[in-house]
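Each remark here refers to the structure printed beneath this line.
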Amino acid sequence: MQVPLLDLKAQYSKIKEDVLVQIGEVLDSQICIGGPKVKELEDKVAKFSDCKFAVGVSSGTDAILNSLMSLGIGPGDEVITTPFTFFATAGCIARVCAKPVFVDIDPKTYNINPALIEKAITKKTKAIMPVHLYGQMADMDAIMSIAKKHNLYVIEDAAQSIGSTYKGKKAGSIGTAGCFSFFPSKNLGGIGDGGMIVANDEELAAKMRLTRDHGQNPTYYYKFVGGNFRLDAIQAAALLVKLPYLEQWSQARRNNAEYYNKKFADTLIQTPFISPDCVTIYNQYVIRVPRRDELAKHLKENNIGCAIYYPMPLHLQECFAYLGYKQGDFPQSEKAAKEVLALPVYPELTEEMKDCVVQTILEAVK
Ligand SMILES: *Cc1c(COP(=O)(O)O)cnc(C)c1O
């Protein structure tokens, strides 16, 4: 039996008619960028995330970049983040010519360890950028209290965590800004690139709207330099169809995770730790095993999809060599990079498929 890591066709087949109708409306209107569909999606995502404002943008990466630019973070500034994340988190900090300052993770949650943040703060620190990895939010109370004490912005990289909660608060709603990605493999995935920023400060949200359109206001007059970070209407159209399903899809992922957790209890497999403060959306279900590469090979040979998020922490990436980090600087991130393995957890998995994943794993670790 074949079990892919993700099967987007299975999801699409159930909503195809509705998506095609919505896209048809966009094409008939020929309002292809921004417009009423984007506005409607912004309003709905803001409401869904318990935030006052939402700004549709061209990707999760551009959500982060726009947030940094709109907050005026640039040369000479430092932004504290985790090295155990997707590249865009730190890539955007570097792109505004600020310095990414890494802090190691909590080995249980894989999220930034708040106990290590204060040591990394300098006079140049402007913001903390926690990443809610795999669908579980970082320890936001601890992060917010450090931020308040040192007068820092908090930009939540919630690209993997739309709809997840920390002490009942939605991802993106706690910090200065929250960044979502609609990359097709995220829990709320578009039919191409897309993203959104949420915020509660009206002035900041207004600046983000200008930043996504070259800083233009009025037309052909520019107060500051922005970019083309606009969201296509066709993405909003597809996302409007999908948004009402998001909660049930995320619940199906939690059910699948629960199934695996039971089957892997009392084995060598370390299952995900979810803090009692958090409800995760399981963008990824990530196990931890010492001989990870052998297990991954075994799964692939047996047609079971799996992936490593992420094989090399950012402080060891060639592009960040100029920052001067070395092997051993962030031992928990380095260890996690060698031991984590994501398994199929998408909502449409059948019991037969889950059993196949479990059996294939158990025969390998036995
Ligand atoms: C996906 C992702 C991004 C970037 O989103 P894109 O839409 O692909 O640009 C940023 N940060 C994290 C943690 C992500 O998982």
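At-a-glance table
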| read-out | value |
| --- | --- |
| Hits in the stretch 135-163 - residues which are in contact (Cβ under 8 Å) with a residue 12 or more places away in the chain and among the hydroxyl-bearing types (S, T, Y) | Y153, S161 |
| Subset of the stretch 172-197 that is of a type in the set (V, I, T) and out of contact with any Ser or Thr (no Cβ under 9 Å at 6 or more places or on another chain) - its residue that is nearest to A233 (Cα to Cα) | I191 |
| Members of the stretch 207-230 that are surrounded by 13 or more Cβ atoms within 10 Å (Cβ to Cβ) and either in a helix (DSSP H, G or I) or in contact (Cβ under 8 Å) with a residue 24 or more places away in the chain (or both) | K207, M208, R209, L210, T211, R212, G226, G227, F229, R230 |
| Lone unmet requirement of (1) over 19 Å from the mean Cα position of the chain (by Cα); (2) under 27 Å from V279 (Cβ atoms) for F224 | (2) |
| Which numbered condition A265 misses (of (1) in contact (Cβ under 8 Å) with a residue 12 or more places away in the chain; (2) not assigned by TED's automatic domain parsing to the domain that holds G34) | (1) |
| Selection from the stretch 43-63 of residues that are more than 16 Å from the ligand (Cβ to nearest atom), of a type outside the set (F, W, Y) and under 18 Å from the mean Cα position of the chain (by Cα) | A46, S49, D50, C51 |
| Which listed residue is within 16 Å of the ligand (Cβ to nearest atom), assigned to a helix (DSSP H, G or I), among the aliphatic types (A, V, I, L, M) and modelled with pLDDT of 95 or more, from A321, A342, A336 | A336 |
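The values are calculated or read from the model by the stated rules, or taken from the named source; none is laboratory data. Everything numeric here is computed off the predicted structure, so don't read it as measured data. We place every Cβ from the backbone using ideal geometry, glycine too, and count neighbours over all the protein chains shown.
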